[in-house]
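None of the figures in this text is laboratory data; all of them are computed from the coordinates on show. Keep in mind it's a predicted model, so treat the numbers as computed, not measured. For neighbour counting, all protein chains shown are included, and Cβ atoms are generated from backbone atoms with ideal geometry for every residue, glycine included.
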Amino acid sequence: MTSRRVSPISDSATRSLPQRRCVLVCQNRSCLRSDSDQVLAAFQAQTELPIFVSPSQCLGQCGSGPTVKVMPDDTWYCRVKVADVAEIVAQHLHQNQPVKRLLHPRFHLQYEAYEPPPS
């Protein structure tokens, strides 16, 4: 068995490459009733990014669908609509900033909601 030697990529080249991600879109019954098939198609139409988009079996969040999970970030989005896909792509996948208004509250606590109002 022969091994191939791969030349290392410089740090600056690595930083300029977008992070490779996997986007899972639930395609189970509850999510399908909320048009998750169209959400999946909208993500699949985004061909300019190095992302792997895949339909998924039930992600266990049936009351919050359509559910989208971005890996390896382990970011969960809930109630995603087709119109939200462009924002997720631009803000999260391009700029590494999750879309706060779509984050699933079960997995992403938003502590601002628990802060007392200013006096």
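Treating only the Cα positions of the stretch 19-108 as identical point scatterers, give the base-10 log of I(q)/I(0) from the Debye formula at each q in 0.14, 0.17, 0.20 Å⁻¹.
-0.39, -0.60, -0.85
Over the stretch 50-95, what lengths in whole Å, largest first, do the semi-axes of the equivalent ellipsoid take, defined as the square roots of 5 times the eigenvalues of the alpha-carbon gyration tensor?
Computed over the stretch 50-95, the values are 18, 13, 9 Å.
Tell me the net charge near residue 61. Cut-off is 15 Å between Cβ atoms, residue 61 excluded, with +1 for each Lys or Arg and -1 for each Asp or Glu.
Taking every other residue near residue 61 into account, the sum is +4.
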